[in-house]
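The values are calculated or read from the model by the stated rules, or taken from the named source; none is laboratory data. What you are looking at is a predicted structure, and each value in this text was computed from that prediction instead of being measured. FYI the Cβ positions are ideal-geometry reconstructions off the backbone, even for glycines, and counts take in every protein chain you see. Just so you know, the surface numbers come from the protein's heavy atoms only, side chains and all, with ligands and any DNA or RNA stripped out. Shrake-Rupley method; radii C 1.70, N 1.55, O 1.52, S 1.80 Å.
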Amino acid sequence: MQLVKIPTTIDLYAAAYKLLNILGPIAGISIIVASTTIAYLQTRPQHLPITQMLTYNNRTFKLEVATTPVELKKGLKFRNHLPSDRGMLFNLGKEYKAVPFWMEGVKIPLDIIFIKDNVVTTVIYKAPPCAKNPCPIYKGSVATQVLELPSGTVKIQVGDKLNIQPLSVPY
């Protein structure tokens with residue numbers, strides 16, 4: 001006959017303590033790595049596919065298009081450079097009055113063009129970058145779309161009709 005040792009409460013506590021001594025540091029390191037990774041990803045610029053094209057005064061701009069709430073919120077933040085023939089089109093999904101846009105986290109000056117039915121309703125020229133809050137808020141009178149282009153690349157005016165077309169093949 002063989003004796004079977006039944007673990008006591010003290011043995012279970014000791015085993016749990018040993019397990020916590022192993023898992024505790026692993027969990028701590030995992031939390032540090034995860035929070036650092038998340039912070040890094042939140043400050044990386046987004047690069048959306050170029051799916052639209054704007055032609056204005058014999059100039060052509062290739063446009064990234066932001067449509068989801070996450071894309072709309074991030075916009076051109078954290079970009080160090082935007083080529084003179086590029087821009088971002090924000091599709092707002094519906095018509096808004098007094099549309100607020102700001103330059104928090106944007107590192108380059110931009111022209112902000114508010115559009116409704118392909119007609120320019122408001123233009124903000126040379127909106128400067130804003131590194132820290134409070135940042136100025138730029139409002140368009142009414143818009144279903146907002147276009148951001150590198151500052152000074154083209155002089156779009158209120159009332160201009162813009163020719164924004166989808167690219168046949170995304171860039």
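Can you compute the helix-only [θ] at 222 nm over the chain? Use -39500 (n - 2.57) per DSSP H run of at least 4 residues, normalise by all residues, nearest 500 deg cm²/dmol. Can you show the working numbers first?
Values: 2 runs with 40 residues, N = 171.
About -8000 deg cm²/dmol.
Ordered by packing density, taken as the mean number of other Cβ atoms within 10 Å over each peptide's residues, highest first, how do 63-71, 111-119 rank?
On the way: 63-71: 16.1, 111-119: 19.6.
In descending order of packing, they fall as 111-119, 63-71.
Can you give the relative contact order of the chain as a percent, counting alpha carbon pairs under 8 Å and 6+ residues apart? List each step's numbers first, then the result.
Working: 311 pairs, mean separation 37.8, N = 171.
In percent, rounded to a whole number, it is 22.
Could you tell me what a quarter of the Cα convex hull surface of the chain works out to, in nm² with one decimal place?
On the way: hull surface 71.3 nm².
About 17.8 nm², averaged over all directions.
Give 132/155; 77/132; 74/161; 94/126; 74/155 a once-over and call out the pairs whose C-alpha atoms are over 22 Å from each other. Walk me through the numbers before you get to the answer.
Values: 132/155 28 Å; 77/132 12 Å; 74/161 27 Å; 94/126 26 Å; 74/155 25 Å.
Over 22 Å apart, Cα to Cα: 132/155; 74/161; 94/126; 74/155.
Per residue, how large is the accessible surface of the chain? Use a 1.4 angstrom probe and give square angstrom.
With all protein chains present, the chain gives 64 Å² per residue.
Considering all projection directions equally, how large on average is the shadow of the alpha-carbon convex hull of the stretch 111-171, in square nanometres? Write down the numbers at each step before the final one.
Details: hull surface 21.5 nm².
The Cα convex hull of the stretch 111-171, projected and averaged over all directions, gives 5.4 nm².
Provide the packing ranking of 21-27, 126-132, 50-56, 141-147, i.e. peptides ordered by the mean count of other C-beta atoms within 10 Å per residue, highest first. Don't skip to the answer; put the middle values down first.
Values: 21-27: 9.9, 126-132: 13.0, 50-56: 18.1, 141-147: 20.1.
Going from most to least packed, we get 141-147, 50-56, 126-132, 21-27.
Kirkwood hydrodynamic radius (Cα pairs, Å) of the stretch 66-136? Please report the intermediate quantities before stating the final value.
On the way: mean 1/r = 0.0763 Å⁻¹.
Radius from the Kirkwood sum: 13.1 Å.
Of all DSSP beta bridges located in the chain, what percent are antiparallel, nearest 5? Walk me through the intermediate numbers first.
Working: 33 of 39 bridges.
Here the share of antiparallel DSSP bridges comes out near 85 percent.
Tell me, what HN-Hα J-couplings in whole Hz come from the Karplus equation 6.51 cos²θ - 1.76 cosθ + 1.60 at θ = phi - 60° for each residue of the stretch 13-18, using x for Gly and Pro?
Per residue, the Karplus-derived 3J(HN,Hα) values read 5, 5, 5, 5, 4, 5 Hz.
List the lysines whose alpha-carbon lies under 25 Å from that of residue 18, not counting same-chain residues fewer than 8 positions away?
Reachable lysines: 5.
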